[in-house]
Structure formats: C-alpha cells, structure tokens
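Participant: Dumping the structure here so I can ask a few things about it.
FYI, it's all coordinate maths here, none of it is from the lab. All figures in this text were calculated on a predicted structure; none of them were measured in a lab. Cβ: placed from backbone, ideal geometry, glycine included. Neighbour counts: every protein chain shown.
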Amino acid sequence: MMLQDLGPYPKAEGYEPALALDLSDPLRNHRDRYVHTGDDLIYLDGNSLGRLPKAAIESLEAVIHRQWGDRLIRSWNESWWELQLEIGDLLAPLLGASRGEVIISDSTSVNLYKLALSAVNAAPQRSKIVTDDLNFPTDIYILEGIAGQLDKELVIVTSDGVHAPLEELENEIDETTALVSLSHTVFKSGYTYEIADVNVMAHRVGALTLWDCSHSVGVVPIALNATGSDLAIGCTYKYLNGGPGSPAFIYVRSDLQDSLENPITAWWGHAEPFSFDLDFRPVSGIRRFHTGTMPILSLAATEAGINDVITAGVDNIRAKSVAMTEYLVEQWDLHLRPLGFELASPTDPDRRGSHVSLEHEEAWPITRALIEVGQVLPDFRAPDNIRLGLSPLYNTFLDIHTAVQRLQLIFESKTHDAFAGVKTTVT
Ligand SMILES: Cc1ncc(COP(=O)(O)O)c(C=O)c1O
C-alpha cells in the first residue's frame with residue numbers, strides 16, 4: 001500500500017468538521033513557531049519528545065557564538081551561573097509554584113533519587129514508601145533501590161492499568177509512611193491524579209508527597225502551592241519542547257528546603273562553591289538541590305519552549321487538549337472500536353492528560369506500519385499499547401482525523417502484517 005492510497009492529506013474523506021475546529025482554534029498561530037518537516041508527517045509523539053521551537057534555534061545560536069565562542073569562561077559570571085535558577089523561576093507559574101522553589105537540574109531520574117532519598121532520610125522512624133503500578137518504571141526502580149538500601153518497604157499499589165487505585169492508596173498510607181511518590185499524569189493510560197486529594201491522604205498521617213509531573217507540565221494546569229505539595233520533579237523535553245535529553249526540573253516547597261538534605265552533597269549545592277573548602281556546607285534554599293556543572297546548551301534550549309507555553313496560556317492549552325482528546329475518543333468510537341481497538345485511557349476528560357492510549361494485540365506491527373507507511377508517528381508501549389500524544393501548540397484536529405483514518409486503512413488492508421518481525425531499540 002502506498003501513502004497516496006490512504007487519501008490526500010489534509011483533505012482526507014470527511015475532513016470538514018476537523019478543519020472547522022482548526023479554523024476556530026485560538027492557538028492555531030502557534031503551530032508555525034515550530035519546525036515542521038516538508039513531508040506530511042503527523043507527529044503524535046510530543047509527549048515523548050516535543051517539536052523544535054524555532055526560537056530555540058535563535059537562542060542556541062546566540063549562546064554558541066556569543067557566549068561560548070566569544071565570551072568563553074566569562075559567561076559563567078555573565079549569565080550561565082544563574083541560568084538554572086532563572087529558568088526555574090520562569091517555569092514556576094506552570095507548576096503553580098513561587099519564585100525560588102524551582103530549579104532546572106540533572107535528569108528526571110536523578111532528581112527523583114535526590115528528592116525521594118532526602119524525604120525518606122528526613123523521617124528515619126518511618127518504614128514505608130508508597131507508589132502505584134501506573135508510575136513510570138524508572139521511578140519504581142529508583143524507589144525500590146532506595147527502599148533496599150535503607151531497609152524500608154516499597155508498597156506498589158495495584159491498579160486496573162488505567163485508573164488510579166485511590167482507595168487502595170488510602171489504605172496503604174499510614175503513620176509508618178515516609179513518602180508517597182506518584183506520577184501526576186501517568187505515562188501509559190494518561191490518567192491524571194487530583195493532586196490535592198492524595199496530598200490530604202499523605203499529610204493526614206505526616207507523610208510527604210513527591211509528584212512526577214513529566215506528562216502534565218505545560219499541558220495540564222498544576223497547582224503545587226495551592227494543593228500544599230511538598231516535592232515534584234519532571235521532564236522538560238515533552239510538552240515543554242526543551243529538546244532531546246534537556247535537563248529536568250525540581251520543585252521543593254519553600255518551607256521544606258532547609259530541612260531536607262540533598263543526598264548528593266556536591267559542589268553546586270555548597271554555600272560557597274568557590275571557597276574550595278574541604279567541608280561540605282549546604283547552601284540555603286533551592287540551590288542546595290543542585291549537583292554539578294550544567295549542560296548549558298541544553299539548559300539554554302529549554303527557555304524558548306517554556307516561553308511559548310506561557311505566551312499561549314496553560315488554561316488555553318488545557319482547553320484545546322481536552323477538546324482534542326475528546327475528538328480522538330469520538331473518532332476511536334466510530335472507526336476503531338468496531339475493529340477491536342480498546343480505549344486504554346480514562347473516558348472522563350477531567351481525569352485524562354493529553355495522550356490517548358489504544359490497546360490492540362497487534363499494537364507493535366500496527367505502530368510500525370503507521371510510521372513507515374502511514375506517516376503517522378505515535379509511540380508503542382509494551383505489550384499492546386499505541387500511545388497518541390496530542391500537543392496543542394502544534395497538533396491540529398485534522399492531524400487526529402487523518403491519523404485515525406490512516407490507522408483504520410492500514411488495519412483493514414492488513415498492511416501491518418509485513419511489520420511483525422521488525423525490531424527497534426527505542427519504541
Ligand atoms: C513519567 C516519567 N518519569 C521519568 C522519566 C525519566 O526521565 P529521564 O530519562 O529524563 O530521567 C520519564 C521519561 O520518559 C517519564 O516519562
């Protein structure tokens with residue numbers, strides 16, 4: 001089957017209602033602020049790696065030529081030393097946090113390790129860490145590692161694979177719990193927790209909460225301060241469009257900052273790093289969660305994406321995201337459900353992030369055929385999940401309409417049969 005057999009893009013059959021939605025979309029002008037390839041690729045993977053903002057190219061060129069090329073090491077004093085705090089402050093409103101509560105640092109995995117261990121160490125008499133099986137695997141591996149090293153118990157509450165096991169969580173969170181660590185929007189089904197409810201459960205018994213906001217930041221409004229959240233971390237390369245491997249963020253509630261110890265007692269968290277003192281003295285405030293020298297090029301690249309989210313307004317982004325996931329669920333119901341695709345995301349839009357997962361036993365070859373033949377790029381999550389990420393700043397309703405139509409055609413023509421044996425490292 002050739003791409004042209006799938007119908008011309010964007011004018012695939014019955015496209016008019018989707019086009020009408022795009023024409024009345026208040027965010028439609030943002031699409032051109034991102035780099036799009038010349039072909040008609042429908043990119044539904046902005047929840048893994050966001051598109052490249054054009055403004056990031058300009059700012060990186062300035063950093064490379066002026067700051068690195070010309071000013072060299074003087075740039076540390078002129079701008080680089082403070083950059084992770086400045087971008088943290090820029091990001092803070094998207095997390096519902098205050099200035100001085102957010103920094104950019106390390107990767108999400110490393111930040112989770114730093115904050116989880118600092119929280120557990122702060123309550124040595126408590127023996128339990130609570131999470132659920134919807135959490136991202138690296139989060140679970142790290143929590144398991146901490147529990148093993150400190151002889152604590154990690155409780156992984158079992159879900160139905162889509163929705164949060166709220167009652168079971170409540171049963172597990174008790175006076176022996178040091179930390180509750182969950183993903184705000186979960187990576188597979190897109191279920192989105194009501195942060196306030198879990199915080200209440202934890203705080204009632206004196207436990208701390210640590211939220212992984214990787215799949216919600218930039219697309220779901222987050223209110224860390226208003227919900228009394230203690231700790232949070234997350235990626236900047238998804239809906240914030242920060243670039244491959246861009247450094248992650250850390251949030252620590254201001255009144256907790258000086259009572260927690262960063263377990264990686266490294267020089268960037270020292271009160272006077274350039275005293276080269278042999279004794280470690282942690283600096284006061286959010287800086288104590290720093291580790292070492294930042295990758296300045298990647299750090300600088302995050303600013304453009306965060307700025308565009310702020311310009312668009314996260315409430316507007318959320319409104320479009322809900323409309324888009326609703327439209328996709330509607331299209332699934334009409335065209336894909338009869339073919340045996342199951343919805344593996346919540347039906348309630350209030351409980352859903354900005355991606356929709358479809359389950360099918362042939363999900364792997366279907367995903368490959370979609371990418372190779374259909375020019376639709378979602379991702380595959382083992383064992384049977386096709387994850388369709390909708391990024392409201394550059395995805396359109398026509399993207400969704402056409403992607404569903406191509407998925408239907410590929411499946412009905414059995415085009416995916418040819419892809420059953422294909423292997424890739426990254427899925
Ligand atoms: C929810 C979630 N948490 C943590 C991570 C790990 O991030 P990193 O590999 O940048 O440490 C990811 C990566 O995709 C993720 O989706």
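Participant: Explain nothing, just the number: dipole magnitude of the range 57-311 about its Cα centre with +1 on each Lys and Arg Cβ and -1 on each Asp and Glu Cβ, in debye rounded to the nearest 20.
Facilitator: Result for the range 57-311 is approximately 560 debye, rounded to the nearest 20.
Participant: While we're on this one: Suppose R0 equals 22 Å. What FRET efficiency, 1/(1 + (r/R0)^6) with r the Cβ-Cβ distance, do ASN225 and THR311 give to the nearest 0.05?
Facilitator: Here the calculated transfer efficiency is 0.50.
Participant: Additional query: Measuring from centroid to centroid over Cα atoms, what is the spacing of the range 279-301 and the range 255-271 in Å?
Facilitator: 10
Participant: So what is the 222 nm mean residue ellipticity for the chain from helices alone, if each DSSP H run of at least 4 adds -39500 (n - 2.57) and you divide by all residues, rounding to the nearest 500 deg cm²/dmol?
Facilitator: Result for the chain, helices only: -10000 deg cm²/dmol.
Participant: Next question. Using only Cα atoms, locate the centre of the range 115-193 and the centre of the range 361-412, then give the distance between them in Å, rounded to an integer.
Facilitator: The range 115-193 and the range 361-412 have Cα centres spaced 31 Å from each other.
Participant: Can I ask one more? Throw me the Rg/Rh for the chain, computed over C-alpha atoms with Kirkwood Rh, two decimals.
Facilitator: Taking Rh as the inverse mean 1/r over Cα pairs, Rg/Rh reads 0.99.
Participant: Using 1/(1 + (r/R0)^6) with R0 = 60 angstrom and r between the beta carbons of PHE274 and GLU170, what's the FRET efficiency to the nearest 0.05?
Facilitator: In this case the efficiency is close to 0.80.
Participant: Calculate the radius of gyration of the Cα atoms of the range 257-338 to one decimal place, then report Dmax, the largest Cα-Cα distance, as a whole number, both in Å.
Facilitator: Rg, Dmax (Cα atoms, Å): 22.3, 68.
Participant: What FRET efficiency would be calculated for the residue pair GLN149, ALA382, taking the C-beta separation as r and a Förster radius of 22 Å, to the nearest 0.05?
Facilitator: 0.20
Participant: Would you calculate the separation in nanometres between label points at ALA266 and SER109, each defined as 7 Å from the Cα along the Cα-to-beta-carbon direction?
Facilitator: Modelled inter-label distance: 1.4 nm.
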